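What follows is one structure encoded as structure tokens, with my remarks underneath.
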Amino acid sequence: MDLYEKYNLKHVINADGKMTILGVSKVSDEVVEAQKQGAQNFFEMSDLLIQTGKYLAKLVDSEDALVVNSASAGIAETLAGVIGQGSRYHVYHPYTERITKRDVILPMGHDVDYGTPVEVMMNVAGARMVPAGYANMCTPEHIEMQITEQTAAILYIKSHHTVQKSMLTIPEAIEVAHRHNLPLILDAAAEEDLVKYLEMDADVVIYSGAKAIEGPASGVIFGKEKYIRWARMQGAGIGRAMKIGKENILGLTAAIAKYLKEGSEAGSAMKQRLEPFVSNLAGVPNLKVRVVQDAAGRQIFRAEVTPTGKLSAKEICNQLRNGDIAIYAREYRVNEGIIEFDIRAVNDVEMYQIVSRLKEIIEGE
Ligand SMILES: *Cc1c(COP(=O)(O)O)cnc(C)c1O
């Protein structure tokens, strides 16, 4: 059965990276097997969440953990939890006026749109966003001056999407929060290190399941027992609209265990896979090619292609996307005339297809 044909869909080669618009990542056979086990068996569902949480918490040395259906759900349920503080009344009346302590402080440069604005998830939680600092800077003092009796938590977004310049560090944010007896909640959705921020003593750390972890569409929150318990309670309230199925609870749990054991592809292995691709690309006329490392210093190597013929980088990317097979290159630098190919989710056959499609496009110049 060819799903692409059945539903009239295009084959996609994802040489862009972890892209939500393309379905983020592919999961391994091991994870699919766990999903299958989950899908084809029954469980006491509340126990399934508690026990997989315990298992995961142990792997990263956290007090507790909870599998959720996305990092976004993790943000909403965690914030709702710190606002409700274990109140059953609040679970059923999440936006009640009886509770006024709803301020969540966020560095202004962290209110980014990662597919939806961070502020939308805060609103879902019933939190009132209190921006700290300015568009281009936020210091510990900027956070501190926004703290009042109504402050429920401080939220920090660790991401390349946010303003990086003149931004307080995570340890600084934790220090300010703890000095005022407030939890520091960290959205680390796309980050690769599942341990580091807990070691820094962040109270809750939130990850997306399908990004670095390469699990199914899901999320996970790690952190202090109390906050995880409060977040779990939201399953009977706003969390009901974010329910995760048993197949993905087990799929993500398997994916995290695998990820912690094996990590992602090593930089050296990626470089080795790039070699034949790069030399084939260099054989295409009007292309300058070299291997470059990720600008943020991660162990990711990409093929950087600079077209020197009539077609601009942008025009070539458009044609790549609009062919019979939709090829998505990394387009962050097309305005500088540069196309990048990220091969983390690209196999050898697909690399060959990229080269022949590029040849076709360039020859048609
Ligand atoms: C991707 C991302 C999210 C959302 O993750 P989902 O699992 O898709 O909800 C949240 N925050 C940041 C910084 C992200 O990059």
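The values are calculated or read from the model by the stated rules, or taken from the named source; none is laboratory data. Since the structure is predicted, the reported quantities are computational estimates derived from the model, not experimental observations. Counting neighbours? That spans all protein chains shown, and the Cβs are built from the backbone with ideal geometry, glycine included.
From the set of residues in region 164-188 that are of a type in the set (A, V, I, L, M, F, W, C) and touching a Cys at 6+ places or on another chain (Cβ under 8 Å), which is nearest to the ligand (Cβ to nearest atom)? Spell out the reasoning first.
Pass one, region 164-188, residues of a type in the set (A, V, I, L, M, F, W, C): 167-168, 170, 173-174, 176-177, 182, 184-186, 188.
Restricting the remaining residues to those that are touching a Cys at 6+ places or on another chain (Cβ under 8 Å) gives 167-168.
On the way: 167: 14, 168: 17 Å.
Among residues in region 164-188 that are of a type in the set (A, V, I, L, M, F, W, C) and touching a Cys at 6+ places or on another chain (Cβ under 8 Å), the one nearest to the ligand (Cβ to nearest atom) is 167.
Let me spell it out: the conditions are (1) closer than 19 Å to residue 63 by Cα; (2) buried (at least 22 other Cβ atoms within 10 Å of the Cβ); (3) not hydroxyl-bearing (Ser, Thr, Tyr), and residue 257 meets all of them except one. Which number is the exception?
(2)
Output the number of the condition that residue 17 fails; it satisfies all remaining conditions of (1) more than 23 Å from residue 156 (Cα to Cα); (2) at pLDDT below 95; (3) surrounded by fewer than 19 Cβ atoms within 10 Å (Cβ to Cβ).
(3)
Within region 258-270, does at least one residue satisfy the condition of being within 14 Å of the ligand (Cβ to nearest atom) and either assigned by TED's automatic domain parsing to the domain that holds residue 111 or touching a His at 6+ places or on another chain (Cβ under 7 Å) (or both)?
First, the residues of region 258-270 that are within 14 Å of the ligand (Cβ to nearest atom): none.
Checking region 258-270: not a single residue is within 14 Å of the ligand (Cβ to nearest atom) and either assigned by TED's automatic domain parsing to the domain that holds residue 111 or touching a His at 6+ places or on another chain (Cβ under 7 Å) (or both).
Could you list, in sequence order, the residues of region 62-85 that are surrounded by fewer than 24 Cβ atoms within 10 Å (Cβ to Cβ) and within 12 Å of residue 235 (Cβ to Cβ)?
69
Going through 359, 310 one at a time, which residue ends up being more than 14 Å from residue 274 (Cβ to Cβ), assigned by TED's automatic domain parsing to the domain that holds residue 8, surrounded by 15 or more Cβ atoms within 10 Å (Cβ to Cβ) and not hydrophobic (A, V, I, L, M, F, W, C)? Steps first, please.
Working: 310 fails: surrounded by 15 or more Cβ atoms within 10 Å (Cβ to Cβ).
Result of the check over 359, 310: 359.
Restricting to helices (runs of 4 or more DSSP H) lying wholly in region 1-95: which have 3 or more residues that are more than 16 Å from the ligand (Cβ to nearest atom) and in contact with a Cys (Cβ under 9 Å, 6 or more places away or on another chain)?
Working: elements: 3-6, 29-39, 45-60, 71-84, 88-92.
Helices (runs of 4 or more DSSP H) meeting the threshold: none at all.
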